[in-house]
Amino acid sequence: MDIFEIILGTYESFVIGVKCRFKNQSKELELVQSFNDHVHQASIRSVSCSSKYMVSSSTDETIEVYNMVRRCHIHTILQHSGTVTSLAFTPDESHLISTSDDGSIAMFETGTWKLKKLWDKAHKGSAVSFLAVHPSGKLALSVGKDKTLRTWNLVKGRPAYTTNQSSMSSYYFFDNIIWSPAGQYYGLPLNTKLMIFNVETAGIAITIEDSYKIHGVTFIEEHLVCYGSENGSLHCYNIINKESMWEIKIGDTRVKCLIKIDNRLVTALSDGHVTVWELNGCKKPVESCSLFLDCRITCICNNSLRKSKMVKDESDEESEVKNDIIVGANIPNKPQIIKRKLPINGVQNKKLKPSIKKKKSIPNNWKVSENV
């Protein structure tokens with residue numbers, strides 16, 4: 001029985017699916033690889049999932065779209081002229097928002113993938129590093145290499161205000177934003193610091209300092225934030241009490257990604273180790289299961305397909321990409337409608353290897369394990 005599935009992006013330009021499930025018919029958990037796809041031509045920068053779709057972006061300047069109901073690649077968005085640095089679906093899943101090194105923020109309609117809104121100079125022409133949508137879906141925050149934090153009104157579709165963060169660092173840039181579950185707090189990691197801001201007071205609730213660079217960050221509760229550092233340590237802090245709750249050493253390489261799924265925490269080290277931890281309030285988490293992937297992990301997201309009530313039955317599903325032209329994108333004469341479908345019978349995965357030469361064509365099928 002499958003419990004959840006995570007999607008991982010890698011430096012070797014693979015998009016990998018990993019399922020957490022009960023081992024045989026026991027209560028013991030295991031991680032198994034469910035698929036890997038190599039449609040990108042360069043390292044993956046971001047992955048994001050809605051109840052039906054999964055999208056990935058890369059330094060090859062493309063956004064690849066997958067239908068996770070049919071388990072296939074369906075479309076390529078060619079809007080940006082620079083690395084696509086982050087992707088985020090709105091909470092109602094009606095739109096996809098992307099950011100890029102070309103200085104723009106783009107908003108696409110989910111399903112048709114038509115461009116609905118474009119801020120071509122979102123950070124005055126500087127590269128946009130990251131964007132995160134508030135859990136309410138009414139606003140979003142973005143950071144860029146102009147060292148500003150910008151707030152966007154998603155209801156009216158326009159910028160709201162700008163905060164200059166240049167005084168916080170002369171050498172480093174913000175490249176990540178993390179919202180708490182209810183949206184009361186948001187975190188900004190900056191080298192060896194993690195600053196947690198309170199939305200109501202518009203001030204810093206706590207500044208956490210570490211001896212090593214901070215990478216993956218997630219909120220495990222509204223007032224509990226967890227982060228991983230360069231030396232392979234995992235930390236948890238209470239924002240209200242401003243104290244450390246626990247610290248554990250989980251590896252020798254950087255903790256690149258963290259994500260909380262129900263009462264479990266998933267960690268991904270940059271060397272390819274993926275681990276599931278059982279959370280127990282303010283106590284140290286207990287390791288449940290792990291998997292080693294022969295690649296360097298760059299990003300992670302949760303495939304929420306199984307828990308969504310919005311997913312249509314495959315027989316009722318409508319055509320994914322219509323004959324509409326996406327503004328600013330070079331679209332082939334024929335729309336890419338389910339060209340590479342996941343085969344029903346499993347095919348053994350091959351060892352993941354870095355791509356040396358650029359691929360000239362899209363592979364016909366996903367490579368999947370026998371356990372899918």
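The values are calculated or read from the model by the stated rules, or taken from the named source; none is laboratory data. Remember, it's a predicted structure, so these values are computed and weren't measured experimentally. Every residue, glycine as well, gets a Cβ built from its backbone with ideal geometry; the counts of neighbours run over all protein chains shown. To get the accessible areas, we keep the full protein, side chains included, count just its heavy atoms, and leave off ligands, DNA and RNA. Shrake-Rupley method; radii C 1.70, N 1.55, O 1.52, S 1.80 Å.
Okay, here's what the table says:
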{"read-out": "Centre separation in Å (Cα based) which lies between segment 1-47 and segment 204-265", "value": "22 Å"}
{"read-out": "Per residue value of the accessible surface for segment 212-314 (all protein chains in place, 1.4 Å probe), Å²", "value": "45 Å²"}
{"read-out": "Nearest-20 debye value, segment 183-259 charge dipole, Cβ charges on Lys, Arg, Asp, Glu", "value": "240 debye"}
{"read-out": "Total formal charge among the other residues, if their Cβ is under 10 angstrom from that of THR83, Lys/Arg +1 and Asp/Glu -1", "value": "-3"}
{"read-out": "Restraint check, LYS19/LYS114; LYS52/LYS116; LYS124/LYS256; LYS116/LYS213; LYS117/LYS193, Cα-Cα greater than 27 Å", "value": "LYS19/LYS114; LYS124/LYS256; LYS116/LYS213; LYS117/LYS193"}
{"read-out": "Rounded percent of accessible protein surface that carbon and sulfur make up, segment 87-156, 1.4 Å probe", "value": "48 percent"}
{"read-out": "Total formal charge among the other residues, if their Cβ is under 11 angstrom from that of LYS121, Lys/Arg +1 and Asp/Glu -1", "value": "-2"}
{"read-out": "Shape call, segment 171-212: gyration tensor on alpha carbons, a/c limit 1.5", "value": "prolate"}
{"read-out": "Gyration tensor (alpha-carbon) shape descriptor, segment 83-127, a/c threshold 1.5", "value": "prolate"}
{"read-out": "Formal net charge of residues neighbouring PHE174 (Cβ-Cβ distance under 14 Å; K, R +1; D, E -1)", "value": "+3"}
{"read-out": "Loop sites in segment 193-269: GluC sites (Glu not before Pro), DSSP, at most 14 other Cβ within 10 Å", "value": "GLU200, GLU222"}
